[in-house]
Amino acid sequence: MKNLLILLIKIYWLVIPPEKRRKCIFRTSCSKHVYETITNEGFISGLNALIYRFKNCRSGAYIIENSSGETQIILPNQQILNEMEISERFTKNKYNYGKICDH
């Protein structure tokens with residue numbers, strides 16, 4: 001199963017060019033994160049990473065600026081991520097605050 005999931009990710013990378021892929025809210029894209037998790041930690045960890053990302057990398061997340069001026073994101077599961085975990089497209093433009101609706 002591990003090899004099948006890795007193969008599916010590689011096919012996704014080959015078939016869909018980067019500019020046509022959905023824009024991930026995480027700094028490390030979902031496919032890259034799942035691929036790295038599978039190869040480094042095994043199939044079960046990779047599958048859990050896929051499920052987590054699928055549930056949280058979608059609309060329903062909110063970008064906020066905390067009291068110290070750092071950009072944060074509140075995921076649909078209410079987890080708060082710090083600036084280093086958020087895609088740079090959100091941290092570069094400080095006017096992107098609010099609900100993310102591009103998924």
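Could you give the accessible area per residue of the stretch 2-90, probe 1.4 Å, as a whole number in Å²?
On the way: 5540 Å² over 89 residues.
That works out to 62 Å² per residue.
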Percent accessible area from carbon and sulfur atoms, the stretch 2-90, protein chains only, probe 1.4 Å:
57
Enumerate the residues in the stretch 23-61 having an amide nitrogen under 15 Å from the point lying 7 Å beyond the Cα of GLU88 toward its Cβ.
24-29
Give me the accessible area of TYR35, 1.4 Å probe, in Å² rounded to the nearest 10.
50
If one compares the long axis through the Cα atoms of helix 30-41 with the longest principal axis of the Cα atoms of the chain, the angle in degrees, nearest 10, works out at 60
Residue among GLY69, ASN3, GLY46 farthest towards the positive dipole end of the chain, charges placed on Cβ:
ASN3
Shape of the stretch 1-68, Cα gyration tensor, a/c cut at 1.5:
oblate
With a 1.4 Å probe and every protein chain left in place, tell me how much accessible area GLU65 has, in Å² to the nearest 10.
100
Find how much the distance from ILE16 to ASN40 grows on full extension, using 0.36 nm per residue of separation minus their present alpha carbon separation; answer in nm with one decimal.
6.2 nm
For the Cα atoms of the chain, what angle does the longest principal axis make with the long axis of helix 43-56, in degrees from 0 to 90, nearest 10?
30
Sorted list, accessible surface of protein heavy atoms, 1.4 Å probe, largest first, for LEU81, LEU8 is LEU8, LEU81
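The values are calculated or read from the model by the stated rules, or taken from the named source; none is laboratory data. Quick caveat, the model's predicted, so the values are computed rather than measured. FYI the Cβ positions are ideal-geometry reconstructions off the backbone, even for glycines, and counts take in every protein chain you see. Ligands, DNA and RNA are excluded from the accessible area calculation, which covers all protein heavy atoms including side chains. Shrake-Rupley method; radii C 1.70, N 1.55, O 1.52, S 1.80 Å.
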